[in-house]
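**Student:** For reference, the structure I am asking about is given below.
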Amino acid sequence: MTPGTGLTMSDITFVAGRTLLDDVSVTFPAGKVTAVSGPSGSGKTTLLSIAGGLLEPTSGTALLDGQDMWTGSGDPRPEVAFILQVYGLVPILSARENVSIALRARGVRPADADEEAEAALARFSIADLGERQVEELSGGQMQRVACARGFVVGAEVLLADEPTSELDEGNRAVVLGELRAEAARGAVVVVATHDPAVVDACDLHIALDEGRVLR
Amino acid sequence: MSRVLRGAWSRRGALTTLVLMTLVVVGGAVVVLQFARAAGTSATLAAPLLLLGAVAVPSIGAELAVARREEIGLARLRGIHGLRLWRFLLVEPLLAILLGTVAGLAIGAGGTVLATGGWLDDAAAPLGHTALLTAASTAGAGLVIVALGAAAALREPLAVQVSTRRRPRRATTLTIFLSLLVIVGAGVAAYRSRSAADEPDLLVLLGPALVGLALGQVAIWLIRIFARGFTPVTEKRGLGPFLATRRLARADDLVTPVRLVVAAAVVGSLALTGAVSVDRWTDAQSRVESGGPRIIDAGDGAFGAQQLTERLDPDGTHLLATALVRNEERLGERRAYVDATRWDAVVGDFYDGTAAQAASNAVPRLVGAAAPPVVSATRFTVTASTLRIAPPQTYTAPDGTTFTPEPLGSVDVQVDYVAADNRSASTAVTLDVPSVGARATGSVRVRDCADGCAVTGMRVGRNTESVFENSEFVVLVEAADLGGLDLLDQTWSPDPSSLETAANDRFTRFDPSGTFVVNRPDGLQVDLLPNTALALLLEGLDEPVPVLVADVEDPLALDLSGDDRVVQVVGEATTLPLLGSVGVLSDLRTAALGSGPTVPSTEVRIVAGEGTPQSLLDQVEQATGSTWRPLAAVRTSLDQANGGAQARAYALTALACALVALLALGAGVARHLRDYRRDVASLRVLGIGLGTARQAGRAELLTLTVLVAGAAIAGGWLAVTLLLGGLPLLSLPVASLPLDTSPRAWPLLVPAALAAVAVVVVGGRARAVRTWTTRPALLREEEGR
C-alpha cells in the first residue's frame, strides 16, 4: 500500500445532548500508531467514530487524503476498518465467519476468505474456536475475534477502540504487534485506550478530556 | 407499589404481550363457553386455544426473568431467597395476568353478545360460573407457566446473573422432550380419534393443536437443518443468501413462533373444513327431510292431507301430500309415503345433485294398481233382495201345539271408511227381506264424510237381534250408493278372518271352503255367515305394494295404520327422500287402500313446489291452521336441533388461536428487533450494505413463508383426515346422511395463506431495514449505556 498523508480532523465539534467534542483538531499520520487516551466519557469513541465516518460532526471536517470521511449514510468508507469496543460481532455467525465475512464484503472469494480468516484467528491463538458461536466465547475470545477481523482486511485506516481491555499480557502483546505491522504497511492506525502500557507502545499520543485535546 | 409499577413500566413490552395474551385466551375461552351454553352445544372444543396459550406464555415468562436478571441477582445477593424471591419475581406478571383476565372477561362478554346475536338470534346470558371459573383457572395456569418459564433464570449461577454480558437461552432437555411429547401426543390423538366410538376425550380435542404444534416443530427442525445444509451452496450466491441461511439456522425471532402460527393455521383449517362439512350436510339433509321447497304441517291424517291437495290443486302441479313415520327405535319399520302421481310435477328437480336424486327419479314407479275409493257423501243407500233363505221351520211343543216362527230375513249392510280428520267410522243400512224375491231399499245419513272419506271395506251380516240363527240366507246387494259412489263398481272379496271366526264357532257346523261372495253384473251376491258379519275386502289389497328401500333387510310394506301388505321392492337406494339412509318409501294412495286411520306418530305434511301461487299457499294455511316453512327454515331448525352451532363455536376457537399466534409472532419479532438492527449495524461497519441486508431479509422471509404455508397445508390435511371425524361437530340424527369430513382445497389453503401473510407482514416489518435505525453508530451508542 502506498502510504497517504494521513487522516486529518479539523475543528471537530460534536454535540448530542451535550458537547462530546469541542473544537478538536488532530492529524493521524499514515505509517504510525497513534494512541488516543482519556478517562471514560472524554470523547475517545466519538472521535474515532467521526474519524471512521460513522458520525457526522456538528462542525468541522475529517478528511483522508483530502476526501471527506462522512459518506452521508453513516456507513464507513471502504478504506476503513474498525475494532469496536463492543466488538460488533454478528451472533448468527461463527467466529471464523465473523472474520471471513469482512473479507467477503471486500470481494474476496469465500474459500480464500475462510483460509485467511483461519490464519488470522491462528495469529491470536483461537483457530480452534473457529466453529464456535459468538455467544459461546468469553469476553477475551470475542475481543480477539474482533481484532482478527479488524486486522485481516488490510485497511488503509484502522481504528481500534479499547482493543486490549479484556486481554492478558500475552495477547495484548500480540495485538500491539499487529497494530505495529499495520502501521509498517503504511496504514493510519489509531488506538483509543486508557491503558498506559498501550499508550507507551504507540508512536504518537493524543490525550482527551471532556471533549478537548489536552496534548 | 410505586417501585413495582416503575419496574413494570420499564418492562412494558413483555408485560404488554402477557396482558394481551391473557386477554385473548380468557376472552376467547369465555366467548366459546358462553356461546356453547347458549347454543346447547359442547364447549370442549375450546381446548386447543388453552393449549396454544400454554405454549405461548412460557417464552414471555423467560423473557421477563431475563429482563430482570440483574435485579434477581442483586436480590439474591441481599439474601432474598425462596418464596420471597418468587414473590419478587411474580408480582409483575401477576398484575399483568390479572389485568388481562379482567379485560378478557369484558371482551368475552362483548364477543358473546355479538356471536349469540349474530348466529343464534338470541340475547346473551350473563357470564356464568363456568366462564368465571375458566377465566380464573386460565389466569392461575398462566401464572404457573410464567413461573416455570422464569425458573430457569432463577437457577442460573449468581455470577452469571450479575454479569453484564447476556447469555443466550438454549434449548434444554426439557424443551426437546416437550417437543417430542407433542409429536407423540398428536399421533395418539389421531389414533384415538379413529378408534374411539364414544365422546372424544381431552387428547382428541387437543388433537388439532397438537398436530399443528408437531408440524410446526418439524418445520422448525427442517428450517434449521435445511439452512445449515444449504450454507455451502449459498456461499456461491453472495452474502445475502448466506446471511439468510445463517439467520434461519440460528435466530429465534421469526423461526420459533412458526410453531404457533402453523398450529393456529391447522386449527383454522379444521374449523373451516368442519364448518363447510356441517353446512353442506345441513343443506343436503334439509333437502332430504323436507321433500320440497316449502312444507306445511297438515294435521293427523295422511288421507285428509291428500284430499286437501286434491281439492285445492286438482291438476296436481303444485301440492303434494307426504307422511313420515320416523320410528327411530325400530328402523325396520321406518317408512314414508308420498303421492307418487304428483311427485314429478310438484317436486321436479328439487333433489337433483343430492344423494336422493336417484330415488327421487324412481318415485313414479311406486304408483300401485289400485287406490282407495274416495267420496264426499251425506247418505248411504242400499237396495238388496233375497236369493235364498231357509224355509220356516215348524216346531211342536210338548203339549202338542205347533208354531212356525218367521225366518230372520233382515240384513245389515255396513260401509267402513276413514274420514278426512283421520277418524275411522262406519254406517249401516238394515233391510228386511224375509222371503225369496223380497226386495228392500234403505238409506241413512252419513256423518264425517262431507269433506271426503276413503272407503276401507264393507260388512254384510244377518240382523239376528242376538238370536242364534245359522240357517241359509243368501242375498243380492243390488245397489250400494255412498254419496254417488257405486260401491258395487269395486270388486269385493271375503275377508279370511271373518271366515275363520265363523269356522271357530263350535256351535255351528260351518265349512269355510265354500263361495261366499260373487261379484255379479247385477249386484253383489253374499252368502251370509252364521252369527257373524262377513267383512268384504276391496280388490287390490292382496296386490303387492311397490316400495323403494334404503338399508332395510326384509322390508315391510305397511299401510297407513301399520298393517302388513304384500311388498314388492322396485328399487334400492342409499338415500330416500324424507327418510334418509334407512327406510321404506311407498305411494300414499296405494298405502291408503283399505287402511285404517293413519298412526298417530306419523308426520303428515303438504309440499308446495316452486312457483306455487301465493293464493294457493294462503288457502292451505287457512285449511290446516299451520304456517309454511321454506327450505331455509327447515335448514335452520335442523342446524339448531343437531348442534350445528358447534362448528361456529370451533370457528371462534380458531379465531382466538390465530390471535394468540399473531401475538406470539409479533412478540418474538419485537423481542429481537433491537438485536436484529444491531446485527445489521455490525454488518454495515464491515462494509456490507443495506441492499445485502434487505436481500438476506427477503430470502429469509420467502423461505419461512413457503415452509409455514407448506406445514400449514400438510398439518391441516392431516388434522382433517385423522381428527375431524372424531370431533363432536354435529349430533347426527338417526338414518341421516353421513357427515362428509374429507379434506377440501380452500379450507386448507385459506388458513395457510393467512399464516403466510402474517409471516410476510410481521416478518417484513421486522426485516425492514432503514438507514437510520441500523446505522453503525448505534453500536457506539449502545456502549454508552
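**Student:** Can you find a residue in region A:138-152 that is closer than 27 Å to A:Gly6 by Cα, within 8 Å of another protein chain (Cβ to nearest Cβ), free of Cβ contacts under 8 Å to residues at least 12 places away in the same chain and surrounded by 23 or more Cβ atoms within 10 Å (Cβ to Cβ)?
**Tutor:** No: zero hits.
**Student:** Checking the structure you have, find out if any residue of region B:628-645 is crowded, with 17+ Cβ neighbours inside 10 Å, under 30 Å from B:Gly716 (Cα atoms), at pLDDT below 90 and touching a Leu at 6+ places or on another chain (Cβ under 6 Å).
**Tutor:** Yes: one or more hits.
**Student:** Can we say A:Gly88 is in contact with a Pro (Cβ under 7 Å, 6 or more places away or on another chain) and either more than 15 Å from A:Asp22 (Cα to Cα) or crowded, with 19+ Cβ neighbours inside 10 Å (or both)?
**Tutor:** Spelling it out, it is not the case that A:Gly88 is in contact with a Pro (Cβ under 7 Å, 6 or more places away or on another chain) and either more than 15 Å from A:Asp22 (Cα to Cα) or crowded, with 19+ Cβ neighbours inside 10 Å (or both).
**Student:** For region A:94-110, enumerate the residues that are crowded, with 22+ Cβ neighbours inside 10 Å, of a type in the set (A, V, I, L, M, F, W, C) and more than 7 Å from chain B (Cβ to nearest Cβ).
**Tutor:** A:Ala95, A:Val99, A:Leu103
**Student:** Exactly one of (1) farther than 19 Å from B:Ala46 by Cα; (2) within 22 Å of the chain's Cα centre (by Cα) is unmet by B:Leu202. Its number?
**Tutor:** Of the numbered conditions (1) farther than 19 Å from B:Ala46 by Cα; (2) within 22 Å of the chain's Cα centre (by Cα), the odd one out for B:Leu202 is (1).
**Student:** Still on this structure: Output the number of residues of region A:23-61 satisfying the condition of being within 14 Å of chain B (Cβ to nearest Cβ) and buried (at least 21 other Cβ atoms within 10 Å of the Cβ).
**Tutor:** Final tally of qualifying residues: 15.
**Student:** Can you pull out the helices (runs of 4 or more DSSP H) entirely within region B:607-700 that have at least 3 residues that are free of Cβ contacts under 8 Å to residues at least 24 places away in the same chain, under 47 Å from the mean Cα position of the chain (by Cα) and more than 14 Å from chain A (Cβ to nearest Cβ)? Show your work before the answer.
**Tutor:** On the way: elements: B:614-624, B:631-641, B:645-685.
Result: B:614-624, B:631-641.
**Student:** Shifting gears a bit: Test B:Ala249 against the stated conditions and say whether it is under 31 Å from the mean Cα position of the chain (by Cα) and either at pLDDT below 80 or not basic (Lys, Arg) (or both).
**Tutor:** no
**Student:** Got a number for residues in region A:76-93 being of a type in the set (Val, Ile, Thr) and more than 7 Å from every other protein chain (Cβ to nearest Cβ)?
**Tutor:** So the count comes out to 2.
**Student:** Could you list all residues from region B:723-738 that are hydrophobic (A, V, I, L, M, F, W, C) and buried (at least 20 other Cβ atoms within 10 Å of the Cβ)? Working first, answer last.
**Tutor:** Kept after step one, since they are hydrophobic (A, V, I, L, M, F, W, C), are these residues of region B:723-738: B:723-724, B:727, B:729-730, B:732, B:734-735, B:737.
The answer is B:Leu723, B:Leu724, B:Leu727, B:Leu729, B:Leu730, B:Ala735, B:Leu737.
**Student:** Does region B:741-749 contain at least one residue that is within 14 Å of chain A (Cβ to nearest Cβ), outside any helix (DSSP H, G or I) and either of a type outside the set (Val, Ile, Thr) or surrounded by 22 or more Cβ atoms within 10 Å (Cβ to Cβ) (or both)? Full working, then the answer.
**Tutor:** At the first step, the residues of region B:741-749 found to be within 14 Å of chain A (Cβ to nearest Cβ) are none.
No, region B:741-749 contains no residue that is within 14 Å of chain A (Cβ to nearest Cβ), outside any helix (DSSP H, G or I) and either of a type outside the set (Val, Ile, Thr) or surrounded by 22 or more Cβ atoms within 10 Å (Cβ to Cβ) (or both).
**Student:** Turning to a different aspect of this structure: Which one of A:Thr2, A:Thr61 is modelled with pLDDT of 90 or more, farther than 26 Å from A:Asp200 by Cα and outside any helix (DSSP H, G or I)?
**Tutor:** Unique residue meeting the criteria: A:Thr61.
**Student:** Right, next: So, in region B:517-560, how many residues would count as being at pLDDT below 90 and more than 57 Å from the chain's Cα centre (by Cα)?
**Tutor:** Matching residues across region B:517-560 total 4.
**Student:** Let me ask something else about it. Being surrounded by fewer than 21 Cβ atoms within 10 Å (Cβ to Cβ) and of a type in the set (D, E, K, R) is the filter; apply it to region B:683-717 and report the residue that is farthest from B:Ala755 (Cα to Cα).
**Tutor:** Among residues in region B:683-717 that are surrounded by fewer than 21 Cβ atoms within 10 Å (Cβ to Cβ) and of a type in the set (D, E, K, R), the one farthest from B:Ala755 (Cα to Cα) is B:Arg694.
**Student:** Quick one: which strands (runs of 3 or more DSSP E) sit completely within region B:491-560 and have at least 2 residues that are under 30 Å from B:Gly580 (Cβ atoms), of a type outside the set (D, E, K, R) and touching a helix residue (DSSP H, G or I) at 6+ places or on another chain (Cβ under 9 Å)? Before you say what the answer is, go through the steps one by one.
**Tutor:** Working: elements: B:492-494, B:517-520, B:523-527, B:534-538, B:545-550.
Of the strands (runs of 3 or more DSSP E) lying wholly inside region B:491-560, those with at least 2 residues that are under 30 Å from B:Gly580 (Cβ atoms), of a type outside the set (D, E, K, R) and touching a helix residue (DSSP H, G or I) at 6+ places or on another chain (Cβ under 9 Å) span B:545-550.
**Student:** Just checking, how many residues over region B:213-241 are over 20 Å from B:His672 (Cβ atoms), surrounded by 18 or more Cβ atoms within 10 Å (Cβ to Cβ) and either within 13 Å of another protein chain (Cβ to nearest Cβ) or basic (Lys, Arg) (or both)?
**Tutor:** Summing the residues that are over 20 Å from B:His672 (Cβ atoms), surrounded by 18 or more Cβ atoms within 10 Å (Cβ to Cβ) and either within 13 Å of another protein chain (Cβ to nearest Cβ) or basic (Lys, Arg) (or both) in region B:213-241 gives 4.
**Student:** Could you list, in sequence order, the residues of region A:64-75 that are more than 10 Å from every other protein chain (Cβ to nearest Cβ) and part of a loop (DSSP other than H, G, I, E, B)? Give the derivation first.
**Tutor:** If we filter region A:64-75 for residues that are more than 10 Å from every other protein chain (Cβ to nearest Cβ), which is where we start, we get A:64-71.
Passing the criteria: A:Asp65, A:Gly66, A:Met69, A:Trp70, A:Thr71.
**Student:** Filter region B:158-197 for residues that are within 30 Å of B:Val66 (Cα to Cα) and modelled with pLDDT of 75 or more; which is nearest to the other protein chains (Cβ to nearest Cβ)?
**Tutor:** The selected residue is B:Ile176.
**Student:** Follow-up. Here is a list of conditions, (1) in a helix (DSSP H, G or I); (2) among the polar types (S, T, N, Q); (3) surrounded by 21 or more Cβ atoms within 10 Å (Cβ to Cβ), and A:Asn171 meets all of them except one; can you say which number that is?
**Tutor:** Condition (3) is where A:Asn171 drops out.
The values are calculated or read from the model by the stated rules, or taken from the named source; none is laboratory data. Small disclaimer: the values here were computed from a predicted structure and weren't measured. When we count neighbours, we look across all protein chains shown, and the Cβ atoms used for this are built from the backbone with ideal geometry, even at glycine.
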